[in-house]
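The values are calculated or read from the model by the stated rules, or taken from the named source; none is laboratory data. These numbers come from a predicted model, not from an experiment. When we count neighbours, we look across all protein chains shown, and the Cβ atoms used for this are built from the backbone with ideal geometry, even at glycine.
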Amino acid sequence: MNSKPEDLSAMKQVDTVPSLNAIFSPRSVAVIGASRNRNSLGFALLHNLVFGQFNGAIFPVNPHAGAIHSLKAYPTVGDIPDPVDLAVVMVPRKLVLGVVEECLEKGVRGLVVITAGYSETGAEGLELERQLRATVREGGARMIGPNCMGVINTDPDVHLDATFSPTPARRGSIGFVSQSGALGVAILNAAADLGLGLTQFVSMGNKADVSGNDMLEFWEDDPATKVICMYLESFGNPRRFTQIAKRVSRKKPILIVKSGRTAEGARAASSHTGAIAGADVPVSAFLEQCGVLRANTIEELFAIAKALDRCPLTAGKRVAILTNAGGPAIMATDACVNLGLEIAEFSEPTLESLAAFLPPEASLANPVDMIASATPEGYSKALEAILGDERVDMVMVINVRPLLTNPIDVMQKVGEAVQGQDKPVVAVMMATEEFHDEVRGRTDLPPVYEFPESAARALAQLYRYSAWRQRPVDEAIPEFEVDDAAVAEILARQGEGYLPDHLAFRVLELYGIPIAKWREVTGSVDASVAAEGIGYPVVVKAVGPELVHKSDLGAVKIDLRSAKELEEAMQEIRTSLESAGVESTGFLLQELGRGGHEVIFGITTDPRFGPLLMFGLGGKYVEVLRDVRFGVLPLAPLEAREMIRGIQGFPLLEGVRGEARADLELLEEVLLRIAQLAERHPRIQELDINPFVAAAERDAAKALDVRIRVAPRDA
């Protein structure tokens, strides 16, 4: 599944936090490639170190300059008389490897390689990057990059700005990883504009050594970092990310912008599961299973991060809206409901408390419209009453600036009312730019937004993260007693392509997955005898390597109740296939599935994440309805339960209008058995069990059709 570079990046030489201290908390920094040219990156980075008041020693390295930026320069890193913890390398690519070797001989244990021209450029660059990584690891050092923008640590004991960004980072509690160096500048600009502070900022570049996984571990127990934000273009080692992120997200939120959401370039697939799983589906399933939140844009990411940083967790999703204008309140209500939140219904004591001081024209029902004459004190009293209601989990305060009230005074009173509260409050202040400039960066106030939609999105993600934190820890993954040796033997005999139908059903049998009774037959006599053994009514299907979607070719006949009907059906199938120019190798006879609802189980293989599991409503319209959920390995029982209960059609499985409830426990077990099959037999690239009859009685629940596609033997 993983390429060689990804496997190498998964290697863990030493404990992450101590090994990265030379990069983030150095006592001395050498800038190799420092320059006097004010328009060069070598000057900009050195300037940022000096201007940012780095608390250690700075050593410019340039063989053609005696001093740079009023600092003594050295021809090589080996000429520096003092120890060097961190070396920032920004020399031409052909010189990088030699410079890194000199650094390692010097005893440097932290490297930031700014230089580009490696794996992002093709095969030659990839090979050079492998050599660079191997050299660094053999030397016992750690490296950020290559092809990166640098690192920042705002800790007042360090004050490290080893980037060429024109915008410095302010001190705060957000740790940020960016895989894109160019976008890193925009990220720092956006953080400054929004008044958000960072603990550390890391431009990862090509992630040859230090990866986003390392940074998750670095920030995991860092008390200064409350929120972890990441801009990623790829996952180097998804399995390791899963293990780390599941653990870290139990302690602090992880918020990601992942590029590449469109289906363009997605692999064509012949299975229903593969067709539905576009380019972005595996990523979303993968992140959701890890408890990781996802934003669509950098702007949205910071809007959400602001709430995660400053608000307590919420006990539920019931929102109260407090406003002085009806229009924005309607917008807020729509946004909250569309994002899955609920509009709270106030208790009688709350309504009585609000009625005691609000004017008669005010609307007391949620949203509370205090009308345009609302005062800062009125906001404070109303907010205190609403926060005291047990039916309210979170509050959105909206203010449209009236002529006679200063919005700063409103926010001040709102901030005072929120102090000591254990419920999240966000504010929407539709005021001037001067107001937002004044409150930007103030941590004594709730998060402030310009429009209700942004505030609603932040509350929705805050609820999602709170629900994840309250979720029980996954149970141990069960191991089912199955015949793996027999499955392996079947797969070993099969080259690339689909298993014959009878072998596909045999694989399910060997894995304890209930299937409809079946027999392989060739002619009408065989079929008649087999049908008597199975019991009418029966289903007959033509089988053969070209028969993937049988219904499309008229190769399936159902509800056959006699030998005569069976013989006629088989002849009709032969005629249909002959007209279509398709050959069959025989027929499969099955018992007719009765009752219950048709569902689908599936496996497709993503080149990045490996096997991807699917569950949803099945039948021939599965690709039209697309009512499915996806999961990645390893799959725990709770995750299987959530996949099944997460489809929109789940109420059908629970039973509606007098229908019996499907055996949900069996569906969960089947999904976990399929997960074990995918884990232990990676040559299975695609699997569709469609339909599977989800019935109330366990004996009636069974797979009616299955397709299994196998990868080449050397895959």
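State whether one or more residues within the range 394-403 are in contact with a Gly (Cβ under 9 Å, 6 or more places away or on another chain) and either outside the structural domain of MET331 (by TED's automatic domain parsing) or under 19 Å from SER466 (Cβ atoms) (or both). Yes, some residue in the range 394-403 is in contact with a Gly (Cβ under 9 Å, 6 or more places away or on another chain) and either outside the structural domain of MET331 (by TED's automatic domain parsing) or under 19 Å from SER466 (Cβ atoms) (or both).
Let's see how each residue does on (1) closer than 30 Å to ARG641 by Cα; (2) out of contact with any Asp or Glu (no Cβ under 9 Å at 6 or more places or on another chain); (3) at pLDDT 95 or above:
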position: ALA492; (1), (2), (3): no, yes, no
position: ASP501; (1), (2), (3): yes, no, no
position: LEU510; (1), (2), (3): yes, no, yes
position: LYS517; (1), (2), (3): yes, no, no
position: SER524; (1), (2), (3): no, no, no
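Residue selection: ALA516 satisfies the criterion of being of a type outside the set (Lys, Arg) and within 19 Å of ARG673 (Cα to Cα). Counting only residues that are surrounded by 20 or more Cβ atoms within 10 Å (Cβ to Cβ) and under 20 Å from the mean Cα position of the chain (by Cα), which one in the range 585-607 is modelled with the highest pLDDT? The qualifying residue modelled with the highest pLDDT is ILE603.
Annotation note: of GLY415, GLY497, the sole residue that is in contact with a Pro (Cβ under 8 Å, 6 or more places away or on another chain) and modelled with pLDDT of 90 or more is GLY415. From the list GLY340, GLY327, the lone residue that is on the phi > 0 side of the Ramachandran plot and among the small types (Gly, Ala, Ser) is GLY340. Of all residues in the range 455-479, those being loosely packed, with under 13 Cβ neighbours inside 10 Å and either hydrophobic (A, V, I, L, M, F, W, C) or within 30 Å of MET429 (Cα to Cα) (or both) number 2. A Cβ distance below 6 Å, combined with a sequence gap of six or more or placement on separate chains, defines the contacts here; from the range 334-347, residues that are under 16 Å from GLU453 (Cβ atoms) reach residues that are of a type in the set (Lys, Arg) in the pairs LEU341/LYS317.
For LEU633, are the conditions met, namely being of a type outside the set (Phe, Trp, Tyr), assigned by TED's automatic domain parsing to the domain that holds ALA694 and either in contact with a Gly (Cβ under 8 Å, 6 or more places away or on another chain) or exposed (fewer than 14 other Cβ atoms within 10 Å of the Cβ) (or both)? So LEU633 fits the description; yes. Criterion applied to ARG130, ARG170 was being closer than 27 Å to ASP221 by Cα, within 29 Å of the chain's Cα centre (by Cα) and surrounded by fewer than 23 Cβ atoms within 10 Å (Cβ to Cβ), and the one residue passing it is ARG170. Among the residues of the range 485-502 satisfying the criterion of being touching a residue at least 24 places away in the same chain (Cβ under 8 Å) and touching a helix residue (DSSP H, G or I) at 6+ places or on another chain (Cβ under 6 Å), which is surrounded by the fewest Cβ atoms within 10 Å (Cβ to Cβ)? Filtering first and then ranking leaves ALA486.
When GLU665 is tested against (1) more than 18 Å from GLY619 (Cα to Cα); (2) free of Cβ contacts under 8 Å to residues at least 40 places away in the same chain; (3) touching an Asp or Glu at 6+ places or on another chain (Cβ under 9 Å); (4) not β-branched (Val, Ile, Thr), only condition (3) is not met. With the requirement that a residue be within 21 Å of ARG519 (Cβ to Cβ), surrounded by 23 or more Cβ atoms within 10 Å (Cβ to Cβ) and either of a type in the set (Val, Ile, Thr) or within 25 Å of the chain's Cα centre (by Cα) (or both), what does the range 654-705 give you? The one that is within 21 Å of ARG519 (Cβ to Cβ), surrounded by 23 or more Cβ atoms within 10 Å (Cβ to Cβ) and either of a type in the set (Val, Ile, Thr) or within 25 Å of the chain's Cα centre (by Cα) (or both): ILE689.
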